[in-house]
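Engineer: One structure is given below, represented as structure tokens, and several questions about it will come after.
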Amino acid sequence: MHQLDQILSEVAGYHPSADLGMIRKAYQFAAAAHDGQTRKSGDPYVTHPLAVAQVIAELKLDVASVCAGLLHDCVEDTSATVEQLGEQFGKEIAFLVDGVTKLGKLPYSTREEQQAENFRKMLLAMARDIRVILVKLCDRLDNMRSLNHLPPEKQERIAAETMQIYAPLANRLGIQWVKVELEDLAFKYLYPGEYEQLAGEIAKSRSERLEYIHHVEKLIHKEMTDNGVPCSVMGRAKHLWSIYTKMKRTQRPFEEIHDAIGFRVITDSQMHCYQALGVAHSTWTPIPGRFKDYIALPKPNLYQSLHTAVIGPRGERIEIQIRTHEMNLVAEHGIAAHWKYKEGKPLVLEDDKKFAWLRQLMESQKELRDPTEFLESVKIDLFGDEVYVFTPGGDVKALPKGSCPIDFAYAVHSSIGDHCSGARVNGMIVPLRYQLRNGDTIEIITSPNQKPNKDWLKLVKTARARTKIRYLLRQEQRDKAVALGTDLIDKALRKHDTTLKQAEKQMKHAADELRCQTVDELIVQVGYGKITVQQVLEKALPGLGKKPEPEAAPKAESMLKTLLRKVTRRTSSSGIKVAGEEDILVRFAKCCSPLPGDPIVGFITRGRGVTVHRRDCDKGLDLDPDRRIEVEWDGQSKAQHEVAIQVLCTNKPGLLAHISQSFTDQGVNISQAHCRATEDGRAVNTFHASVRDLDQLKSVIRSLSRIKGVFSVDRVSADLS
């Protein structure tokens with residue numbers, strides 16, 4: 001009960017008129033429902049809902065949100081129903097609990113499909129009430145805090161999902177402290193070797209760093225007050241994931257990351273923010289290109305602040321963020337800082353321009369039925385840094401960093417994107433591959449004859465542009481498949497004195513028999529090669545599909561075996577089962593080089609068998625889902641698979657031999673190596689090696705990461721390396 005009392009005390013502190021009795025009632029219901037259940041750690045299960053409610057209270061959310069945190073697992077993990085919750089606690093709390101409850105055990109073909117549908121459901125609930133995602137984030141944070149009790153494969157899967165979806169979502173909602181903690185916890189389980197090494201190096205210099213932070217805090221405060229800027233100053237070291245990504249991006253070891261410390265100046269007005277910036281720049285030398293004004297141009301998550309970097313005391317690079325007290329509250333708590341208790345109404349998307357990004361996410365999810373593509377679209381929309389560009393009329397558009405004019409064209413209107421033939425940036429003609437920069441004014445040149453092509457997919461960064469281009473390209477592929485399928489079936493039917501038009505009823509019967517919803521779908525499947533003309537004839541014209549043979553015909557083979565049987569006599573050397581069948585012509589896509597253990601999917605290509613891609617492969621996502629076929633590893637094959645590994649390291653004698661020895665120690669053979677030194681004393685090494693499966697590859701990467709002088713180790717595309 002001690003933790004419950006803490007929660008009640010916290011809620012009463014920021015919401016004096018809160019109905020604390022409702023929170024007690026929710027706790028009692030959850031404790032009774034979860035009675036006898038334990039967590040993987042062995043603790044009573046109710047400790048988890050209590051911890052979630054504690055985080056919700058730290059975000060200073062309302063009573064309904066705290067109750068939803070206490071009850072969030074009741075529907076999923078106990079016999080309680082949403083209707084029961086509605087009767088006991090009201091529709092509002094029941095809706096929030098239902099929003100974070102995963103869908104029931106429906107017959108999903110893949111874990112990815114289940115993940116996508118659960119997330120889609122949550123988005124729809126979130127569109128009605130943003131508190132749904134706030135409760136879900138608090139749930140995920142507590143689950144990440146106790147992840148050490150789960151088996152390694154589950155740890156990695158949950159950490160990856162957290163890094164790809166939930167941390168960016170916390171960032172989009174502006175809840176900085178939740179984002180930072182989620183990233184660091186996910187880092188710990190995704191890259192344990194790198195995490196331990198970096199945490200160890202930071203721990204070594206902890207006392208020295210704290211002394212420097214205190215020294216600079218006093219110095220900044222003195223300079224500001226001497227110049228008439230009232231303020232408080234806080235210094236902190238950057239969080240682990242932020243330092244690690246900077247090390248990877250700049251290819252430098254920890255010792256050479258000089259701006260790992262940041263300072264925050266909190267003042268009372270916007271005018272004093274700009275005055276503080278002037279003081280900082282006149283006291284220390286500013287670093288060119290590092291100033292950003294998020295007060296004049298706030299981020300889509302409402303974040304406002306002035307950012308600059310200077311050469312500070314003792315020649316150290318330091319980052320300084322300057323903001324008001326209100327801006328600081330929004331920076332830490334994001335959308336939760338805008339909560340209004342008086343109205344007692346849920347925060348709805350349509351009411352607020354602040355949720356434009358979320359409405360865009362909702363629009364894109366309506367168009368995407370394919371779960372893999374939907375999740376990829378969500379990840380793109382949630383991630384990262386943005387550039388702010390202008391239309392010729394002066395309107396601001398925020399686009400992901402690295403966007404090109406095609407992204408901008410689709411952001412304005414789909415038809416402008418479809419017919420984009422060129423662009424003028426700041427009055428100058430630029431190629432479509434040009435990367436947009438902050439402050440650019442873009443004018444799109446269109447042509448009625450222009451249409452998207454495959455190369456555009458290599459240029460665009462936004463999910464909206466990618467989705468629209470893929471749709472049109474697939475439509476083109478589908479039209480070709482319809483023409484080919486129609487031609488093949490019509491020619492076959494004419495040999496039996498009928499035509500496709502005359503045999504309409506028979507074709508409908510064939511479509512039903514071959515599990516196609518319509519005749520059009522059957523024609524498409526024949527065009528793609530998933531169904532043979534012979535099979536169509538056998539169902540449409542029984543007795544005429546096959547010519548009589550003098551001897552009994554052998555039993556018909558399965559559709560896939562007929563289409564794709566290998567010409568060699570080896571059995572399942574690929575280690576792949578296609579729709580449960582072995583011994584089928586299989587090729588591994590070079591763009592992603594799948595390994596046993598990778599989630600995979602197959603695509604049929606007429607005359608070339610099945611090409612196997614990793615499920616998250618961009619090129620695989622570009623292909624028409626109608627050509628997709630479920631494939632799986634057979635678990636029996638001992639075949640070796642080639643994979644490319646890129647190692648970035650310092651250029652020093654003996655290190656390459658050390659790296660090579662690491663491969664040998666893991667029992668892995670290097671078939672090819674490409675090594676080059678760069679001008680800044682570093683080396684880029686790409687190794688082609690043969691491994692059994694994903695586990696062996698991870699073992700190799702972990703081993704290489706531990707070598708002193710190695711900055712990063714990545715699996716790269718074999719055809720790009």
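Engineer: With a 10 Å radius around each residue's Cβ, average the other Cβ atoms per peptide and rank 194-204, 589-599, highest first.
Structural biologist: The densest-packed peptide leads the list: 589-599, 194-204.
Engineer: If r is the Cβ-Cβ distance from E476 to T498 and R0 is 41 Å, what FRET efficiency results, to the nearest 0.05?
Structural biologist: The pair E476/T498 has a calculated efficiency of 0.85.
Engineer: Note the full-extension length gain between Q3 and H509 as 0.36 nm times their separation in residues minus their Cα-Cα distance, in nm to one decimal.
Structural biologist: Taking Q3 through H509 to full extension adds about 175.6 nm, to one decimal.
Engineer: Kindly state, to the nearest 0.05, the FRET efficiency for E256 paired with R145, given R0 = 35 Å and r defined as their beta-carbon distance.
Structural biologist: It comes to 0.65.
Engineer: Net charge near A51: determine it from the other residues with C-beta under 15 Å of the C-beta of A51, scoring Lys and Arg +1 and Asp and Glu -1.
Structural biologist: Every neighbour counted, the sum reads -3.
Engineer: Which peptide among 526-535, 139-148, 287-296, 210-219 comes first, and what is the full order, when sorted by highest mean count of other Cβ atoms within 10 Å?
Structural biologist: In descending order of packing, they fall as 526-535, 139-148, 210-219, 287-296.
Engineer: Could you list, in their original order, any pairs among K25/K179; K590/K652; K204/K248; K60/K292 whose Cα atoms are separated by more than 25 Å?
Structural biologist: The pairs that break the limit, which is 25 Å between Cα atoms, are K25/K179; K590/K652; K60/K292.
Engineer: At 7 Å along Cα-to-Cβ for each site, give me the label-to-label distance between T47 and N449 in nm.
Structural biologist: For T47 paired with N449, the spin-label model returns 7.2 nm.
Engineer: Taking a quarter of the surface of the convex hull around the Cα atoms of segment 641-716, what do you get in nm²?
Structural biologist: Over every viewing direction, the Cα hull of segment 641-716 projects on average to 4.4 nm².
Engineer: Of K530/K619; K505/K530; K154/K299; K299/K619, which sit over 29 Å apart, Cα to Cα?
Structural biologist: Pairs exceeding the cut-off: K154/K299; K299/K619.
Engineer: Net charge within 12 Å of L648 by Cβ-Cβ distance, Lys/Arg positive one each and Asp/Glu negative one each, not counting L648 itself?
Structural biologist: So the surrounding residues net to +3.
Engineer: Something else: Which FRET efficiency value, to the nearest 0.05, do you get for H239 and A657 by plugging their Cβ-Cβ distance into 1/(1 + (r/R0)^6) with R0 = 45 Å?
Structural biologist: Working from the Cβ atoms, E equals 0.80.
Engineer: Which three extents, in whole angstrom, do the alpha-carbon atoms of segment 2-196 cover along their principal axes, largest first?
Structural biologist: 47, 39, 35
Engineer: Continuing with this model, one more query. With a cut-off of at most 10 other beta carbons within 10 Å, and DSSP calling the residue loop, which trypsin sites (Lys or Arg not before Pro) in segment 455-514 qualify? Please list them.
Structural biologist: K495, K501
Engineer: Under the 0.36 nm per residue contour assumption, what length would be gained going from the current alpha-carbon distance of D695 and N227 to full extension?
Structural biologist: 162.5 nm
Engineer: How many angstrom lie between the Cα centre of segment 487-511 and the Cα centre of segment 636-692?
Structural biologist: Result: 57 Å between the Cα centres.
Engineer: Right, here's the next one. Rounded to whole Å, give me the distance from the Cα center of segment 138-217 to that of segment 429-455.
Structural biologist: 38 Å
Engineer: Could you please rank T285, T650, T324, T499, placing first whichever residue has the fewest other Cβ atoms within 10 Å of its Cβ?
Structural biologist: Lowest to highest Cβ neighbour count: T285, T499, T650, T324.
Rule-based calculations on the coordinates, nothing more; no lab input. For clarity, every value in this text was computed on a predicted model and none was experimentally measured. Counting neighbours? That spans all protein chains shown, and the Cβs are built from the backbone with ideal geometry, glycine included.
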